[in-house]
1. Given the conditions (1) buried (at least 18 other Cβ atoms within 10 Å of the Cβ); (2) at positive phi; (3) not polar (S, T, N, Q), and given that E237 satisfies all but one, which numbered condition is not satisfied?
2. Examine region 114-134 for a residue that is under 41 Å from the mean Cα position of the chain (by Cα), in a loop (DSSP other than H, G, I, E, B) and without any contact (Cβ under 8 Å) to a residue 12 or more places away in the chain, and state whether such a residue exists.
3. Please determine whether any residue of region 95-104 is modelled with pLDDT of 90 or more, touching a Ser or Thr at 6+ places or on another chain (Cβ under 9 Å) and farther than 23 Å from P37 by Cα.
4. Can you tell me which residue in region 128-165 is farthest from D221 (Cα to Cα), limited to those that are among the small types (G, A, S) and out of contact with any Phe, Trp or Tyr (no Cβ under 9 Å at 6 or more places or on another chain)?
5. Residue by residue through region 328-361, note down the ones that are in contact with a His (Cβ under 7 Å, 6 or more places away or on another chain) and among the β-branched types (V, I, T).
6. Which one of V394, V353 is under 25 Å from T516 (Cα atoms), crowded, with 19+ Cβ neighbours inside 10 Å and under 23 Å from the mean Cα position of the chain (by Cα)?
7. Can we say Q584 is surrounded by fewer than 19 Cβ atoms within 10 Å (Cβ to Cβ) and closer than 9 Å to G524 by Cβ?
Amino acid sequence: MFKKWKKGAHIDPQREKVKEDLFSFKKTVEHGFPHHPSAFDYDPILKLMAIGTKTGAIKIFGAPGVEFTGVHPEVNQVLQLHFLHGQVSQINILDDNTMRMWELTTNKDDPLGSQSLTEVGASELAGRPGINQITVVSIKSSNDVMWVGTEGGGIYSLTLPDFNPREGGTIHQDQVMQRSIPDNYKTGKALGPVEAIVEHPNNPSLILIGYSRGLVALWNDSTQSVEKYYLCDKALESVSWHSNCQEFISAHNDGYLCTWRLESSSQHTSYTPYGPFPCKAITKIHWKSSRTEPYVVFSGGMPRANYGDRHCMTVMNGSKHVTFDFTSRVIDFFVICKNAINAGRLEPEFLIVLAEEELIAIDLTQEGWPTLTPPYLASPHASAITCSFHVEDVDEKVWQKISGLAKEGKTNKSTSAWPITGGQNLSPKSVVTRNVLLTGHEDGTVKLWNISSVSMSPLLKIQTSTVFVTDSDGANDGDAFEDQFPPFRKVGEFDPYSDDPRLAIRKVAMCSTTGTLVAGGTAGQVVVFVLSSESIESFITSSAIDVLEGRQDFTWKGHDKLDTKDDHILMKPGYQVNNIIQCQPPASVTSINIHANWGLLGIGTGHGFALFDYLQNKTVLCRCTLEAGDHSAMEGNFSRVKSFKMSLRQSMRRLRGSFGGGGSKRRRGSRRRYKRDNMSQKLQEANKALVDEEETASASGWSPAATGQRRVEARSSEDGMTGMVRCTYFASTFVRDSISATPTFWAGTNSGGVYVFALHVPDYNHRQDHEVTSVVGKHIQLMHRAPVVDITVLDNLGVPVSTNAAKHDGKANNGNAGHATSQHHSLVISSEEQVKVFALPKISAKRKFKLTAVDGSLIRKVAFAKFPAAKNNDYMEHALVSLTNIGEMLVLGQLPLLRPQETYSCISREDPHGISSCLLTASGQGMYLISPSEYERFTLSTVSSIEPVCRV
């Protein structure tokens with residue numbers, strides 16, 4: 001993209017070296033829960049857990065901070081995962097019937113000796129398609145042989161790690177049926193696919209082979225013969241040994257469990273846990289011994305008629321019996337035991353269950369078998385994510401309060417330590433960061449996440465629906481034991497359903513110094529939360545804001561507002577509701593910003609904006625931003641164009657403009673002229689200072705040649721939601737004169753309008769006694785009328801004024817000598833098409849960076865970030881970072897000169913959800929949703945990076 005600027009321009013070698021020292025793009029780590037998990041396994045020796053997905057990804061987890069990720073080159077589903085216990089290797093079975101071996105190999109260029117997951121071998125089982133489809137795999141305890149069961153009933157013995165067939169190791173059905181068995185197993189139907197291959201706990205030469213028709217054979221690998229048969233007339237699903245090595249248990253597709261003794265071919269016991277009515281299949285079972293009664297753990301087996309649609313896991317231990325009810329399908333599970341399988345008594349301690357949408361850990365050592373919160377693999381999409389916000393460098397006192405509340409909120413959780421502790425985290429711990437991710441959800445909740453390290457862990461969950469009247473009031477959550485059989489207990493947090501779509505959170509923000517949090521919803525509701533260490537019972541009223549300012553020429557046709565509860569609400573210590581604000585009409589909140597030091601809140605909707613004083617609970621100012629004829633704003637429909645005809649007309653104009661070059665201007669249609677001739681005199685005067693004259697190429701070499709530009713059409717006021725407020729901003733700067741800085745409030749609209757108000761904020765000691773007032777108001781109109789994405793004020797060093805408290809870290813900034821006076825501020829307005837710099841307080845245009853005119857892309861996200869130098873600890877630059885609609889990251893540095901530095905391809909242009917969900921941070925990092933449940937984290941800085949550095 002930047003080739004157009006570099007053509008014919010002088011390249012400074014010294015500057016190129018500085019850029020290499022500042023900027024570097026890399027995708028670092030993934031936060032959240034893997035999308036569509038399909039396989040699960042555990043290594044009890046190395047204490048590592050692995051998850052495979054339908055897209056071919058593999059993730060290995062150990063202790064917090066120990067994560068390894070690998071992706072198969074083809075998009076194939078991972079059907080099975082199998083660790084080679086005690087080794088840093090695993091076997092993956094894919095849906096194309098291939099077997100892949102992966103290992104943890106040491107990174108040669110890392111002095112810390114970190115490891116990464118690498119594919120080292122692959123093989124495919126030869127034979128007829130379908131007949132040799134792999135159904136089950138078992139790896140011998142010596143890790144040198146792998147048994148592979150197939151759909152046709154054959155079992156192949158392969159050597160590891162080369163996947164070569166072992167001589168004489170293939171087991172055919174004919175060999176199994178050589179001994180005397182009933183005739184109905186010899187004639188008619190075959191034995192069916194192989195469903196289970198389980199090695200004897202004490203004798204590796206003996207394996208149990210289970211076939212789909214119900215036959216189980218004890219095979220002796222040394223003599224290549226069958227030692228014993230165990231016949232059952234029920235279709236087999238799973239087999240598990242007892243640790244005494246003399247018994248095993250089989251699970252069947254009609255919900256039956258059968259126990260067997262090795263010396264007898266007949267069943268020892270047979271029963272249906274949830275009979276007598278027909279039940280679903282028990283898909284997997286574990287039989288674990290303990291010092292008291294053995295544990296029987298299995299998935300499925302529910303009565304078909306009443307509970308056939310539930311996803312359940314059952315744990316039985318003597319008289320204890322719990323049926324854990326999940327809200328998503330159970331993929332697989334394993335049981336972590338205190339002792340090894342050959343120790344006599346296993347003593348189960350934890351049950352780890354991989355469901356389709358979350359990971360659940362159950363502590364079997366504590367009374368009642370409570371759940372244990374995993375330190376990673378949290379499910380941010382328990383309710384669908386609707387918005388997100390990143391908070392950088394949270395105040396230490398606020399962080400301690402939030403962390404304390406997070407611990408207190410785990411009263412019904414297990415207090416045991418996380419049992420999966422494999423690997424070693426090699427990341428240096430010299431720099432302590434306190435970063436929080438806020439996510440708003442469809443059910444009206446706001447969640448706080450700790451993203452200061454590789455593992456994203458949950459902190460708090462705040463519910464906004466508690467203060468509103470909803471249809472779910474008084475409903476039983478059903479989390480406790482129910483007085484019925486089966487003894488169900490709800491576990492997990494995944495709940496994709498919302499009782500009221502108006503509760504959905506659209507915008508969320510948080511003050512890093514006070515912890516004050518504000519959330520805006522779909523029905524125009526805004527809730528302000530403050531941190532409190534004491535519980536209170538309070539009656540909270542809603543403050544209404546008429547965004548239309550009493551206009552009667554529009555009629556709202558959307559949803560109704562949410563009614564607040566008319567009784568006292570008991571609020572526990574933590575985040576408590578301080579204010580409820582209701583915008584009228586109740587349109588979705590489109591922008592929100594908070595300045596806790598001033599006690600002010602900026603709110604934007606599709607109809608206008610308001611400045612609210614949440615300390616005195618009153619509105620400071622309110623403006624309607626609708627233009628004449630903007631009736632679409634009343635429909636609650638945020639489309640950018642009104643009709644297909646208008647969209648086609650706009651596209652044709654842009655198409656003509658793209659071939660127009662820098663030639664003479666064409667006449668606009670009569671309707672466009674009529675619109676412009678009737679613009680107000682005040683708006684024309686404001687535009688005089690903002691005429692988009694073509695600037696000649698300066699010594700900086702950043703201005704593009706006129707022949708390489710597209711013509712950007714000025715947008716009509718009929719192009720859709722022109723009055724929608726896209727951003728709000730607070731800054732202490734110069735808008736009245738260049739002598740004294742005053743508090744200011746800014747708002748940018750979808751039609752390129754920028755509103756600015758100078759404020760009088762009373763001294764903090766008199767804040768409750770005196771009102772905040774608006775002193776001066778101005779309106780800036782960008783001629784190209786593109787939506788305003790961001791508004792920021794820079795000081796004389798090119799640093800955003802909101803970061804001045806950091807004293808610039810004592811480092812040189814942006815390579816500028818800083819000759820300007822401290823009163824010299826610049827205003828940077830970023831629209832979808834351009835970035836413009838204005839001088840304050842006159843608001844006169846100084847320079848601009850054109851994007852759409854050069855390559856046709858649009859700016860979607862903007863942030864100002866600091867970039868420390870990797871080799872020079874005393875040097876740092878601030879830069880403007882933007883994300884375009886084609887997924888490219890642009891870095892404009894040497895502020896306020898807006899000189900292009902780097903461009904990186906970050907997100908696929910075919911991923912609009914990832915682009916719209918992207919967050920850019922002040923440290924040069926970012927993150928975006930790669931699936932409904934998972935964030936991808938990246939960095940643009942050579943210094944600021946959070947990524948797993950670990951080994952086993």
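The values are calculated or read from the model by the stated rules, or taken from the named source; none is laboratory data. Only a predicted model underlies this, so the values are computations on that prediction, with no experimental measurement involved. Backbone-built Cβ (ideal geometry, glycine too); neighbour counts: all protein chains shown.
1. For E237, the failing item is (2).
2. Yes, the conditions are met somewhere in region 114-134.
3. no
4. Going residue by residue through region 128-165, those that are among the small types (G, A, S) are 130, 138, 141-142, 149, 152-154, 157.
Retained after the next criterion (residues that are out of contact with any Phe, Trp or Tyr (no Cβ under 9 Å at 6 or more places or on another chain)): 130, 141-142, 152, 154.
Details: G130: 26, S141: 14, S142: 14, G152: 20, G154: 15 Å.
Checking each candidate, the answer is G130.
5. The answer is V330, V335.
6. Details: V353 fails: under 25 Å from T516 (Cα atoms).
None of the others qualify; the one that does is V394.
7. yes
To keep it simple, each residue is scored yes or no on (1) outside any loop (DSSP other than H, G, I, E, B); (2) closer than 16 Å to V29 by Cα; (3) in contact (Cβ under 8 Å) with a residue 12 or more places away in the chain.
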position: V891; (1), (2), (3): yes, no, yes
position: Q901; (1), (2), (3): yes, no, yes
position: Y904; (1), (2), (3): yes, no, yes
position: M927; (1), (2), (3): yes, yes, yes
position: F938; (1), (2), (3): yes, yes, yes
position: S944; (1), (2), (3): no, yes, yes
